[in-house]
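Accompanying notes for the structure given below.
Quick note: the coordinates plus some simple rules give every number you see, no bench work behind them. Here the structure is a predicted model, which is why all the values come from computation and not from measurement. Counting neighbours? That spans all protein chains shown, and the Cβs are built from the backbone with ideal geometry, glycine included.
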Amino acid sequence: MSKLQSYVDLLLKWNAKINLIGRNTEAEIWSRHIEDSIQLSQYIPPAALEILDIGSGGGLPGIVLSILNPEKRITLVESDQRKAAFLRTCIRSLQLNATISTERVEALPSTQADCITARALAPLVDLLGYCDLHLKRSGVAVFPKGRAHTAEISVAEGQWSFHYKTHSSITSSDATILVVSDISKG
């Protein structure tokens, strides 16, 4: 809990200078952002040691997952240099087992991650393209999605073959956690 509180303190301090989370959500940071990220941890397989968090922004969920899972190596992908500087500060201050990549996810060499996470980054159809580049064939992707998740799944099924399970979010009745596997084109 102390590391999570230290992260929240850093996030709020830096948010005054750069937009890491919506200022109107600062008052509900624990329920809206931290708990929302914490809940993803239960869907990451225990054997998944290499996690790629794409579009890390303010470190949600990547920094939170790194705090909760110190045995896992998390690569945070964030091309915005200011946000990457914030993430580096978090990793250093909290002594996390994480690294930063400031390239765009499309430009990264294939990582062959065991698990990919992304929060509020892109539609599922685009996320599956990133998974095709960076996820091991045996890996899983964990994506929190909003009320349009059914439509996103439908669009993605037109371009991708994949299996998925939906799980109710504990932080919003409109949200769902998608756990996606067996991803291939077509």
Each label point is 7 Å from the Cα along the Cα-to-Cβ direction; what then is the distance between the points at residue 16 and residue 99, in nm? 3.4 nm
For segment 46-61, Karplus-derived ³J(HN,Hα) couplings (6.51, -1.76, 1.60; θ = phi - 60°; whole Hz; x for glycine and proline) come out as x, 7, 7, 9, 10, 10, 10, 9, 9, x, 4, x, x, x, 10, x
Any of 72/145; 136/185; 3/72 with alpha carbons more than 21 Å apart? Name them for me. 72/145
Lysines within cross-link reach of residue 17: Cα-Cα under 16 Å, excluding same-chain residues under 8 positions apart? 83
Taking θ = phi - 60°, what integer Hz values does the Karplus form 6.51 cos²θ - 1.76 cosθ + 1.60 yield along segment 32-38, in sequence order, with x for Gly and Pro? 7, 10, 6, 4, 4, 7, 4
First check a/c for segment 31-90, with a ≥ b ≥ c the square roots of the eigenvalues of its C-alpha gyration tensor; if it is under 1.5, answer rounded, and if not, answer prolate when a/b is larger than b/c or oblate otherwise. oblate
Could you work out how much longer the chain between residue 2 and residue 71 gets when fully extended? Use 0.36 nm per residue separation minus the Cα distance between them, nm to one decimal. 23.1 nm
First select every other residue whose beta carbon is under 9 angstrom from the beta carbon of residue 136; then total the charges, Lys and Arg +1, Asp and Glu -1. -1
